[in-house]
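The values are calculated or read from the model by the stated rules, or taken from the named source; none is laboratory data. Keep in mind the model is a prediction, meaning the values are calculated, not measured. Cβ placement follows ideal geometry from the backbone for every residue including glycine, while neighbour counts extend to all protein chains displayed.
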Amino acid sequence: MPLDSIRGSLQDKGVRLTRQRQILLELIDKSGQHLDAENLYQMAKEKDPKLNRVTVYRTLKLLKEGGLVDELDLMHYGGDQHYYETRTKQEHAHVICLRCGKVEEFFGDPLQKLRRQIEAHFGFQIVLARTEVGGYCSHCQVLRAQEIEAAREEPEPRTAARTVLSYRSPKPKHASRRDGRL
């Protein structure tokens, strides 16, 4: 989203685009990554050492409420933290590797087709759509296959529980009661 458009959108809401807010927006928009608040804070601090965490969180809230950034959970790969990206005009899906956390963005007709199908089927007007797909990237698929193969080749270890369970003491020959007690 161009900075002039952002500036205009904020002004419409009576909010000034301060230097610190501009730094944060540019980092979100141009980093090429989905940043969480802490990473954003660390990167912004390099550009403006006076910037503090509170400013980052307040600015993220302001930008989110203003519809300028989206807050994503990305399949909670990193726990409960949220990630941020500038709102784009074109819908896209986030494709997340559940092993390494790599995030790819998918743009394409299938998403638009799905949107139209949902709207037609339910008579629903979609205003916001977020699509996340979790799986394994090609690199992690190879690693997983190697781990599975290595696990199959390892002999199964004998555990103490198995040793105890496989040992059965013979019944005493002199037991006269059914329960084995004398």
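Mind checking whether some residue in segment 61-69 is modelled with pLDDT of 90 or more and either surrounded by 14 or more Cβ atoms within 10 Å (Cβ to Cβ) or in the same structural domain as Lys13 (by TED's automatic domain parsing) (or both)?
So in segment 61-69, the residues modelled with pLDDT of 90 or more come out as 61.
Still in the running and either surrounded by 14 or more Cβ atoms within 10 Å (Cβ to Cβ) or in the same structural domain as Lys13 (by TED's automatic domain parsing) (or both): 61.
Within segment 61-69, one or more residues are modelled with pLDDT of 90 or more and either surrounded by 14 or more Cβ atoms within 10 Å (Cβ to Cβ) or in the same structural domain as Lys13 (by TED's automatic domain parsing) (or both).
Only one of (1) outside any helix (DSSP H, G or I); (2) assigned by TED's automatic domain parsing to the domain that holds Val133; (3) touching a strand residue (DSSP E or B) at 6+ places or on another chain (Cβ under 9 Å) fails for Pro110. Which number is that?
Unmet for Pro110, out of (1) outside any helix (DSSP H, G or I); (2) assigned by TED's automatic domain parsing to the domain that holds Val133; (3) touching a strand residue (DSSP E or B) at 6+ places or on another chain (Cβ under 9 Å): (1).
Is there a residue being under 25 Å from Val103 (Cα atoms), more than 22 Å from the chain's Cα centre (by Cα) and among the polar types (S, T, N, Q) anywhere in segment 2-18?
Looking through segment 2-18, none of the residues is under 25 Å from Val103 (Cα atoms), more than 22 Å from the chain's Cα centre (by Cα) and among the polar types (S, T, N, Q).
Got a number for residues in segment 29-58 being part of a helix (DSSP H, G or I), modelled with pLDDT under 90 and crowded, with 16+ Cβ neighbours inside 10 Å? So that I can check it myself, show each step before the final result.
We begin by selecting, within segment 29-58, every residue part of a helix (DSSP H, G or I); these are 29-30, 37-47, 53-58.
When the remaining residues are screened for being modelled with pLDDT under 90, the result is 29-30.
Cutting the leftovers down to crowded, with 16+ Cβ neighbours inside 10 Å gives us 29.
Going through segment 29-58 one residue at a time, the tally reaches 1.
Out of all the residues in segment 61-94, which are assigned to a strand (DSSP E or B), touching a residue at least 40 places away in the same chain (Cβ under 8 Å) and not hydroxyl-bearing (Ser, Thr, Tyr)? Write out each step before concluding.
Going through segment 61-94, the residues assigned to a strand (DSSP E or B) turn out to be 69-72, 83-86, 93-94.
Those still in the list that are touching a residue at least 40 places away in the same chain (Cβ under 8 Å) too: 69-70, 72, 83-86, 93-94.
Those that are assigned to a strand (DSSP E or B), touching a residue at least 40 places away in the same chain (Cβ under 8 Å) and not hydroxyl-bearing (Ser, Thr, Tyr): Val69, Asp70, Leu72, Glu85, Ala93, His94.
Looking at (1) over 30 Å from Ser138 (Cα atoms); (2) in a strand (DSSP E or B), which is the one condition that is false for Glu104?
(1)
Counting just the residues of segment 119-134 that are modelled with pLDDT under 95 and not in a loop (DSSP other than H, G, I, E, B), which one comes out nearest to Tyr77 (Cα to Cα)?
Residue satisfying both the conditions and the ranking: Gly134.
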